[in-house]
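In what follows, a single structure is set out as structure tokens and then discussed.
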Amino acid sequence: MVIEAYETGLQVEALEGQREQGLFTISANGLELPELAAGDRVRITYSGWIRDTNPAGIDGTTAIERIEEE
């Protein structure tokens, strides 16, 4: 879930039941971000690492997509 959206990335919190838990900083790495607001659900695809920082950082982001509410 999006906590805050920036021009160059996002701060998100993993939803319950996901393999990774907690807060994450996501860099858009030149990707075109969809229009996002706090509370939106997103799917992050990456091919890099999760940095052990606070909040954790995800490297190698390949896609960021908004998920419509079910």
Give me the distance in nm between label points sitting 7 Å out from Cα along the Cα-to-Cβ direction at Glu16 and Ala38, one decimal.
2.2 nm
Can you give the net charge of the other residues whose Cβ lies under 13 Å from the Cβ of Ala14, counting K and R as +1 and D and E as -1?
0
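Bear in mind these aren't lab numbers, they're just calculated from the coordinates by the rules spelled out. Since the structure is predicted, the reported quantities are computational estimates derived from the model, not experimental observations. All Cβ positions, glycine included, derive from the backbone under ideal geometry; neighbour counts span all protein chains shown.
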